[in-house]
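> I'd like to ask you about the structure that follows.
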Amino acid sequence: MGDLLFAGREEIEAAQAANLAETMARIAAGHPYYRRVLASLGLGAADFRSPQDLARLPLTRKEDYMREPEAFRIAAGDLPEEMQAVWDVMYTTGSTAGQPTPFVSTSFDFFRILELNRNMLRLRGVRPDDVIANLFPLTPRPHGAFIRTMHAAASMNLRVVAALPGNPSPSFTLGHGLDEVVDIVSRSRATILWGVPSYVRRVVVRAEETGADLRPVRLAFVTGEGLAEPARDELTAALRRVGAADAWVSISYGATEMQGGMVECAPGSGYHNPAPEQFHIGIADPATGAPVEDGRPGLVTLSHLRRTGTVLLRYALGDTSVLSRSRCPHCGSWTDRLVAMPRRADRLLKIKGTLVNPDVLVQAAEGVLGGREFQFSVARDAGGDVLALKIAAEGGAPLAERLAQSVKQACGITPVVQFAAEPLADPGRAWKAKRVVDLRD
Ligand SMILES: [Zn+2]
């Protein structure tokens, strides 16, 4: 893996400090949001000599970024062209207002994205003869999953086949059904299936049912939905029945704000920071925002050390985990790893990879139901997250359809609507019914 191993932590930290110094100078010159933060604290670029100094800044919350995404873009007129030119804009899949948030990459940033894509592939043990099947669907707005998978292939000069599952819009006519996708994977002799775990599973199960030839498949890269260990075991077993005898599943902890993800080099190895010279990963106390020592749980924070478009510092990704900076016992890399499955932490719920404000769910249901009693629940089954809406009344298909439409419009996720004859509140336990419950923990 060569350069991924680094000589050790000193080399990583020296690169982080040098890149942070350059970034802080650009921020002090032209980043509207952090210029305000620095001014309010009486700090300047020179006060940030190493990533430890980032602790001088308060946490940036998702809400801060969603409120004014343009204020998180560096606007310094004297930067070289590649540091100013907008290469592309990706969008987060959800937000408090239901409006996706833009994440802007300059040409310079895109070059860094290719580097981190290449590192992700190397950490996952990709070889020059691998063939990637891109199983992500197109989305109504540009999103990293489909697009960066194509770029990841470019970063290692690999072959990639985009299967284009489903149709995101009536105006899109090139989507494929499940059987066609299985056929595309089979005839392209793909060795890597890359998608959300629920869909990768559907492709593998269907291939087994139809006897399609998926024997070259040796890896599944999954991201965007949680995958508990029993579900991983099940997917691995199914993969080995249709594919290679030693096929395995590598999970990525991805984020739009990374345009990539922290990946496993082996099952259970922890999620490796694929580009520590670009990203400083920290853990913060949820109550105080203070840094938490390695090995202790807290909020996962991301600081961009080498970007010139959208730049975030001490940005809370919305999950809690535990950080290790010890050498990976599996691949030998010295890069930092999250060694506990990241779990949602803040008020926003992550459902099927989309951030959802519970208040928006409640408003969408109230708009249709008025004062009738209802409750949302989020559960997880083998197929991924399930959003259910239970109403304490009799109801028919037209009402269920209106509710499903209203909720989908508000948050992008279609709920399973259920009618129950009995009341939902349990007065013995709480003074009021919780309108949204998360049953996944
Ligand atoms: Zn490793």
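The values are calculated or read from the model by the stated rules, or taken from the named source; none is laboratory data. None of these values were measured; they are calculated from a predicted model. Note: ideal-geometry Cβ built from the backbone for every residue, glycine included; neighbour counts use all protein chains shown. Heads up: the accessible areas ignore ligands, DNA and RNA and are worked out on the full protein's heavy atoms, side chains in. Shrake-Rupley method; radii C 1.70, N 1.55, O 1.52, S 1.80 Å.
> With unit charges on the beta carbons (Lys and Arg positive, Asp and Glu negative) and the dipole taken about the Cα centre of the chain, which residue among 409, 273, 90 sits farthest to the positive side?
Going by the Cα projections, it comes out as 409.
> Just to confirm the filter: which chymotrypsin sites (Phe, Trp or Tyr not before Pro) across region 164-271 are DSSP coil and have at most 16 other Cβ within 10 angstrom of their Cβ?
172
> Step through the residues of region 185-202 one at a time and calculate ³J(HN,Hα) from phi using the Karplus curve (6.51 cos²θ - 1.76 cosθ + 1.60, θ = phi - 60°), rounding each to whole Hz and writing x for Gly and Pro.
4, 5, 6, 7, 6, 4, 9, 10, 9, 10, x, 7, x, 5, 7, 4, 4, 4
> Anyone know which of 392, 75, 133 comes out most mobile in the 10 Å Cα GNM of the chain?
392
> Size of the dipole of region 341-415 about the Cα centre, Lys and Arg at +1 and Asp and Glu at -1 on the beta carbon, nothing else charged, in debye to 20? Please list the in-between numbers first.
Numbers: 10 positive and 8 negative charges, 59 e Å.
For this selection, approximately 280 debye.
> Roughly how many Å is it from the Cα centre of region 209-287 to that of region 13-63, as a whole number?
32
> A follow-up question, please. For the pair residue 78 and residue 418, what calculated FRET efficiency results from E = 1/(1 + (r/R0)^6), where r is the Cβ-Cβ distance and R0 = 51 Å, to the nearest 0.05?
That pair, residue 418 with residue 78, gives E of 0.30.
> What's the FRET efficiency of residue 343 with residue 409 using the Cβ-Cβ distance as r and R₀ = 30 Å, to the nearest 0.05? Spell out each step's value before the answer.
Details: r = 28 Å, r/R0 = 0.94.
Step by step, r from the Cβ atoms, then E = 0.60.
> Enter the Cα centre distance for the pair region 107-178 and region 350-368, rounded to the nearest angstrom.
29
> Sticking with this structure for a sec: Taking amide hydrogens as modeled 1.01 Å from N in the peptide plane, which residues meet the under 5 Å criterion relative to residue 355, leaving out close sequence neighbours?
93, 94
> So what J values fall out for region 111-119 if you push phi through Karplus, 6.51 cos²θ - 1.76 cosθ + 1.60 with θ = phi - 60°, rounded to Hz, Gly and Pro as x?
4, 5, 4, 4, 5, 6, 4, 4, 5
> What figure in square angstrom, to the nearest 10, would you give for the accessible area of residue 210 with a 1.4 Å probe?
80
> Check which residues have an amide H placed less than 5 Å from residue 417's amide H, if you skip close sequence neighbours.
389
> Moving on to the next point. Tell me which of 250, 419, 25 sits at the most positive position along the dipole axis of the chain, charges placed on C-beta atoms (Lys, Arg +1; Asp, Glu -1).
Final value for the positive-end residue is 419.
> Taking amide H positions as placed in the peptide plane 1.01 Å from N, state which residues far from residue 194 in sequence (5 or more) or on other chains have amide H under 5 Å from it.
133, 135, 221
> If you don't mind, another one. Report residue 327's accessible area, 1.4 Å probe, all protein chains in place, as a number in Å² to the nearest 10.
Accessible surface of residue 327 is approximately 120 Å².
> While we're on this one: Within the chain, which is the longest segment that contains none of the GluC sites (Glu not before Pro) sitting in a DSSP loop with at most 15 other Cβ atoms within 10 Å? Show your work: numbers first, answer last.
Details: sites that count: 293, 373, 394.
Looking at the chain, 1-292 is the longest stretch - no exposed GluC sites (Glu not before Pro) with at most 15 other Cβ atoms within 10 Å.
> OK, next. Tell me, what ³J(HN,Hα) does each residue in region 327-338 have, in order and in whole Hz, if you take phi through Karplus 6.51 cos²θ - 1.76 cosθ + 1.60 with θ = phi - 60° and put x for Gly and Pro?
5, 5, x, 8, 10, x, 5, 9, 5, 6, 9, 8
> Can you tell me the accessible area per residue over the chain, all protein chains present, probe 1.4 angstrom, in square angstrom? If you can, show how the numbers build up before the last one.
Values: 18940 Å² over 441 residues.
With all protein chains present, the chain gives 43 Å² per residue.
> For the chain, with only Lys/Arg (+1) and Asp/Glu (-1) charged at the beta-carbon, what is the dipole magnitude about the Cα centre, in debye rounded to 20?
With Lys and Arg at +1 and Asp and Glu at -1, about 220 debye.
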